[in-house]
Amino acid sequence: MVKIHTPELKHEGDEVVVTARLSGITPSGILRYRLPKTYAPSPEAMADAMLPVGLLLAMANGQSLELEAPVSKQLLENSTVVQDVYLSWHPKKMKRAQIIATTRESEPIQVAQRALSTFTGGVDSFYTLDKHADKVSSILFVHGFDVRLKDTELRSRMSAHLKAAANTAGKTLIEGASNIRRFLNPHLVWSKMSHGAAISGVVMLLSSHHNRFYFPASYSYADQYPWGSHPLIDPLWSTEYLKVIHDGAEATRVEKTQKISDNASAQQHLRICFQKKGDYNCGECSKCIRTKIALELSGVLNKFETLDNTIDLERLDALGIKSQSDLVFATENLNFAREQSRDDIASTLNNMIVRYNSRPKETECADTIQSEDSQRQHAQV
């Protein structure tokens, strides 16, 4: 049985640390979430935050889940549908989990009518922030998710860029940190299974201070497939006092890139890289190159200070397409290149797509980005 004991709150200077003992799986240990002290969560918020990640860990291990602290009635009811969706996606990798938990008799009154969005400095983040500039008051970045906790230099650079972007937008930046990937990565694929639950858990910690969360979409409605953040799943992490909204799926990544292409803050702070190379964006990985292509086709690549102005099509072709995610974005850029009469880019992308589609399905590789991520060791917070 996977068990998460009652979370505890500790004050450490200007920060608070939420801890909860996780047992019944390997590795077991202490879950940690670090937040600014001004956003100290309530006991109810801490209890709810444990359910999403606990549920997925239990399903991945074919075990039941016991939550020691009482949780939101709505969240517990929604978890049935969450399991239905995940089981339809991953019938061979996950099993239905019995949840042993009690619900709270009544919910605390939500006082703060504020909206929150996650912000990584990427295209999806900037798009949602621009779209809801009049509604979002706070933006959240969690160290230990996209950036490893031990990468102190990159964390420092990220903080500087995030603070500058938040100041420009007139928003409050909330920087948190968590060691949750230490427990998730051995059992679940971060991109396709667990990142949405992990992010939603941190947002639940902040539900004492925000009643609405805009979750930036990874894909358009036309390109949906099993993914950790999804329009079917994200709203189900809502509680009686927190509404979770999957946002931005009406637009493709190319359309989002075009939308933010004149955003001066994005031009100074855009970060889309998953590699450790370089001081911010490596410019050589598939994500960097595909974003540079969209910006080049929009005629604004030279305005983006965090990316170089070169597009190495030979390298792109060598990287190839290794996942459905790669295929979606390659197809979007192919269509855009044809619209802009860029035959050089279109030819390369078309050849990559043809090569990928001709491969036997049994030899298709898992997402290389997440394969690399799943091997990362995340330090204690």
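Summary table below
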quantity: Cβ-Cβ FRET estimate between T103 and T26, R0 fixed at 25 Å, reported to 0.05; calculated: 0.25
quantity: Linear extension gain, T152 paired with D312, 0.36 nm per residue minus alpha-carbon span; calculated: 54.6 nm
quantity: Where the Cα pairs of segment 1-141 fall when distances are cut into 5 Å bins, in %; calculated: 2, 9, 15, 16, 17, 18, 14, 7, 1, 0
quantity: Of K93/K287; K93/K322; K131/K292; K135/K243; K92/K287; K131/K171, those spanning more than 18 Å from alpha-carbon to alpha-carbon; calculated: K93/K287; K93/K322; K131/K292; K92/K287
quantity: Accessible surface, segment 202-286, averaged per residue in Å² (probe 1.4 Å); calculated: 33
quantity: Square roots of 5 times each gyration tensor eigenvalue, C-alpha, segment 153-311, largest first, Å; calculated: 27, 19, 18
quantity: Rounded D (µm²/s) - segment 265-342, Kirkwood Rh over Cα pairs, Stokes-Einstein at 20 °C, 1.002 mPa s; calculated: 166
quantity: Rounded if a/c under 1.5, otherwise prolate or oblate - segment 56-104, Cα gyration tensor axes; calculated: oblate
quantity: 10 Å-binned pair-distance histogram of segment 70-165 (Cα, whole percent); calculated: 12, 25, 28, 31, 4
quantity: Mean ellipticity per residue at 222 nm, deg cm²/dmol - from DSSP H runs of n ≥ 4 across the chain, formula -39500 (n - 2.57); calculated: -12000 deg cm²/dmol
quantity: With every protein chain in place, the chain: carbon and sulfur % of accessible area (1.4 Å); calculated: 47
quantity: Bridge type composition, segment 1-143 - antiparallel percent by DSSP, nearest 5; calculated: 60
quantity: Dipole axis of the chain (+1 Lys, Arg; -1 Asp, Glu on Cβ), positive-most option in Q340, V328, L35; calculated: L35
quantity: DSSP bridge orientation in the chain - percent antiparallel, rounded to nearest 5; calculated: 45
quantity: Test item: Cα-centred dipole of segment 1-141, Lys/Arg +1 and Asp/Glu -1 on Cβ, debye; calculated: 440
quantity: Cα-based reach from K10 at 21 Å (exclusive), listing lysines while leaving out same-chain residues under 8 positions away; calculated: K37
quantity: Dipole in debye (nearest 20) - the chain, about Cα centre, beta carbon charges: Lys, Arg +1; Asp, Glu -1; calculated: 640
quantity: Dipole of the chain, positive end: most advanced residue of V300, A47, H143 [Cβ charges, Cα centre]; calculated: A47
quantity: Relative contact order %, the chain, counting alpha carbon pairs below 8 Å whose residues are six or more apart; calculated: 17
quantity: Alpha-carbon centroids, segment 246-307 and segment 52-93: separation in whole Å; calculated: 35
quantity: Accessible area of H187 in the full protein assembly, 1.4 Å probe (Å², nearest 10); calculated: 50
quantity: Equivalent ellipsoid, the chain (semi-axes from 5 times Cα gyration tensor eigenvalues, Å); calculated: 35, 24, 19
quantity: Charge dipole of the chain about the Cα centre (unit charges at C-beta), most positive-ward option of Y219, V2, S265; calculated: V2
quantity: Loop GluC sites (Glu not before Pro), segment 276-354 (other Cβ atoms within 10 Å of the site Cβ: 16 or fewer; DSSP); calculated: E305
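The values are calculated or read from the model by the stated rules, or taken from the named source; none is laboratory data. All of these numbers come straight from a predicted model, not from anything done at the bench. Using ideal geometry, Cβ is built from the backbone for each residue, glycine included, and neighbour counts are taken over all protein chains shown. Ligands, DNA and RNA are stripped out before the accessible areas are found, and what is left, the full protein with its side chains, is counted by its heavy atoms. Shrake-Rupley method; radii C 1.70, N 1.55, O 1.52, S 1.80 Å.
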